[in-house]
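A quick write-up on the structure given underneath.
The values are calculated or read from the model by the stated rules, or taken from the named source; none is laboratory data. Remember, it's a predicted structure, so these values are computed and weren't measured experimentally. Neighbour counts are summed over all protein chains in view; Cβ atoms, including those assigned to glycine, are modelled from backbone coordinates with ideal geometry. Areas reflect the complete protein model, heavy atoms only, side chains present, ligands, DNA and RNA absent. Shrake-Rupley method; radii C 1.70, N 1.55, O 1.52, S 1.80 Å.
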Amino acid sequence: MFARPISKIIRSQLEDSSLDGHFAYCFTKQFNANGDRLFDEAYSGDYCETLQNKLPNGSTPLLLSFSSDQAQASKIGKESFWPKILTLGTNIAKGIRKKLNTRASKLVTFLPNIKPLKKSHSNTPFLTAYKRAVIHASLSELFSDILPWIKNGVDLVSPDGKVRKYFPCLFNFNGDYPEQTLYA
């Protein structure tokens, strides 16, 4: 499996000064004009508040979002792959992160889309278990790069130029249903 190191992707995204002023460094409650709480962004939700309270004071949760879509899988000869895209977008306001020129999303890797040699083998428990094992091993390898960061945090330069202690965590993993069943 070829993969770009997640640590390098995170560093390059955080060092992007064009994100200065659009990046949330901590849990932030949002309210509308009537004083009602809004749950409009990931960094304003209950999950982020719980996460922030578990981290050392002054630390920043780095909410990683991975996405993939088999419909957009690349084909090379007879092989097809699921592209894995990493977005630090959950720390970035969605109005900004969805713009193509923000470069908030980066391709990390292509995971294999394993197909049976014979159609009669397509729904066997063995093939399902094998696919799941390959996907889990691939993800384990992919995240091994930042495992020390997840456990201990890491000091990184932020879009505003300041050094902060970040704790990366998987916020969500978006994919189509057939792919999601492999992660269960």
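Below are the figures for this structure:
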quantity: Accessible area of Lys151 in the full protein assembly, 1.4 Å probe (Å², nearest 10); calculated: 140
quantity: Relative packing of peptides 135-144, 8-17, 117-126, 59-68 - highest average C-beta neighbours within 10 Å first; calculated: 59-68, 8-17, 135-144, 117-126
quantity: DSSP bridge pairs, the chain: antiparallel proportion in percent, nearest 5; calculated: 70
quantity: Spin-label pair His121/Tyr47, simplified geometry with 7 Å Cα→Cβ offset, distance in nm; calculated: 3.7
quantity: Members of Lys29/Lys106; Lys8/Lys131; Lys131/Lys151; Lys54/Lys151 lying beyond 24 Å, as alpha-carbon distances in this model show; calculated: Lys29/Lys106; Lys8/Lys131; Lys131/Lys151
quantity: When the convex hull of its Cα atoms is projected in every direction, mean area for the chain (nm²); calculated: 12.6
